[in-house]
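Step one of this worksheet: look at the structure below.
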Amino acid sequence: MIIDSENDSCCYFKKMGKKKPVRQRGKIRLSEYFKNLSDGDRVAIVAEKGVRAAFPSRIQGLVGKVTGTRGNFKIVEIKDKDKMKTFIIHPVHLKKV
């Protein structure tokens, strides 16, 4: 449920779908697009709004570990409660921690 009143700060879905600041919109830097991440790196998953992708919002903001590559994409292991799950994510959506 989304509450629009100014006094409530529990608007979870509004915070997740916020737009990027004006100066960061548009084209992505090539260094961001082709960043090098090695196996074993800990990464935070942050959805890049400038890239069109069907990105699952439930993994937004989680931290995981890079375990390998598949083409240009990285295989990231994320702990979901008690289970380890693997996701294949483009490096644009990953930030080193």
Please verify whether the stretch 78-87 includes one or more residues that are within 26 Å of LYS27 (Cα to Cα) and either out of contact with any Lys or Arg (no Cβ under 7 Å at 6 or more places or on another chain) or charged (D, E, K, R) (or both).
yes
Flagged in the stretch 45-97 as in contact (Cβ under 8 Å) with a residue 40 or more places away in the chain, among the basic types (Lys, Arg) and surrounded by 14 or more Cβ atoms within 10 Å (Cβ to Cβ), in numbering order, are LYS95
I'd like to verify a number: residues in the stretch 57-94 that are of a type in the set (A, V, I, L, M, F, W, C) and touching an Asp or Glu at 6+ places or on another chain (Cβ under 7 Å), how many?
3
Please find, within the stretch 50-97, the residue that is nearest to VAL22 (Cα to Cα) out of those that are in a loop (DSSP other than H, G, I, E, B) and of a type in the set (Gly, Ala, Ser).
GLY50
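We did not get these values from a lab; they are worked out from the coordinates using the rules stated. From a predicted model like this one, the values you see are computed outputs, not experimental measurements. Heads up, the Cβs are rebuilt from the backbone with ideal geometry, glycines too, and the neighbour counts pull from every protein chain shown.
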